[in-house]
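Every number here is computed from the coordinates shown, using simple stated rules; none is lab data. Only a predicted model underlies this, so the values are computations on that prediction, with no experimental measurement involved. Note that we place each Cβ from the backbone using ideal geometry, even for glycine, and neighbour counts take in every protein chain shown.
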Amino acid sequence: MLDHATVAHLRTLKLTGFAEGLLEQMGQPETLAMSFEERLALLVDRELNARSDRKRARLLQRAQLKYPNATVEDAAFGEVRGIDRKTLTSLALSGWVERGDTVLFGGATGLGKTWLACALAQYACRRGHSALYLRAPRLPEELRVLHGAGGFGKWLAQLARTDVLILDDWGTGNIDATTRNDLLEIIDDRAGHRATIIAHQLPVEHWHGWIGDATIADAILDRLMQRVHRFTLEGESRRTGATRKPAARARAQAPGVRLPIDTQEVSMP
C-alpha cells in the first residue's frame, strides 16, 4: 500500500510529475511487475517531461504573443505568395535562434505577417527559448514611461537576454529622437547573438526615412542585416478574402454579379 505521506512529500519538494507518475504506477499491475530500476527510470522521465511542459508554458506566457495559438504546423498560406510551409518549417528547424539571425516578414496588411512571426516565436518557445512580442507604434510611449520611472536600464538588460524579439508593425507611426536612440540600443544588444523578427509594411529601402536619422538608420540596418532571412508576402488580404463563404466566392467569380462587401474580421492565418 502506497504511503500517501510520500506523495505529499514529493509535492512539497515540487516533484509533481514524479508524484503523479507514482500514483499511476500503483494503479497499474503490469507496471508493478517491473524492477525497481525500471519503475524509477519511468518516474524520472515523467518528472523531466512535466518540468519541460511547465517551462514551455511559462515561456509562452511571458512572450505575450498576439497570436499565442499560432503554430508552424497549422500555417496555411492560401493565395499568399512569398513563403510556403516547407520554407517556414525549414527555418523553424534551423539554428536561426542560436545564431541570432534576423527574420523579416514584409508585405501589405492582412497577409499574415504577424501570425507567421508569432508561429515562429511560439515554436522557439517550445524548444526552450524565451521570446517577447512588442508593437513598434507603442514603443515611444512605453519607453517614455520606462525612462520616467528609471526602469529603462533594467528593462533593456532583460530584453538583451531574450532569445527572440518580435517587433510588429515596424515602420508604422512616428518616432522621436529618444526612441531612435533606444531602438539602436535594443538592436545593438541583439546583433549577432540574439534573434529578432520584424513584421513590416514599409519596404526596407524606406526605413531610413522612417527612422529619421541617417547615421542611426545605417547603424540599425547594419546590425539587422548581418544574417537575415527576408520574406516579402504578396496576395489578397486574408482579412477580407478569407471572410467570404465558398458559395459567395463562386458568385463573385461569375460575370455580372456584384456582392456586398463582407467586413467580418477573421483570425490569422
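The packing ranking, built from the mean of other Cβ atoms within 10 Å per residue, places the peptides 59-65, 165-171 in the order 165-171, 59-65, highest first. Residue ranges 17-24, 220-227 sort as 17-24, 220-227 when ordered by packing (mean number of other C-beta atoms within 10 Å per residue, highest first). Mean residue ellipticity at 222 nm, helices only, the chain: -15500 deg cm²/dmol; runs of at least 4 DSSP H residues each add -39,500 (n - 2.57), and the sum is divided by the number of residues. Toward the positive end of the charge dipole of segment 64-235, with +1 on the Cβ of Lys and Arg and -1 on the Cβ of Asp and Glu, the farthest Cα among LEU183, PHE77, SER90 is that of SER90. Pick from GLY128, GLY173, GLY112: which is most flexible by mean-square fluctuation in a GNM of the chain where alpha carbon atoms under 10 Å apart are linked? It is GLY173. How big is the shadow of the Cα convex hull of segment 6-137, averaged over all directions, in nm²? In nm², the orientation-averaged hull projection of segment 6-137 is 11.9.
Around the Cα centre of the chain, unit charges on the Cβ atoms of Lys, Arg, Asp and Glu (plus for the first two, minus for the last two) sum to a dipole of about 540 debye.
With N the number of residues in the chain, Rg(Cα) / (2.2 N^0.38 Å) evaluates to 1.30.
Give the residue from HIS9, VAL44, ALA199 lying farthest towards the positive end of the charge dipole for the chain; charges sit on Cβ (+1 for Lys and Arg, -1 for Asp and Glu) and the dipole is referred to the Cα centre. Result: ALA199, furthest along the dipole toward the positive end. Among SER35, SER94, SER52, the largest mean-square fluctuation in a Gaussian network model of the chain, built with springs joining Cα atoms closer than 10 Å, belongs to SER35. Plainly put, segment 104-252 has a radius of gyration that is 1.03 times its Kirkwood radius, both from alpha-carbon atoms, as the Rg/Rh ratio. The distance from the alpha carbon centre of segment 105-129 to that of segment 194-216 is 18 Å, rounded to a whole number.
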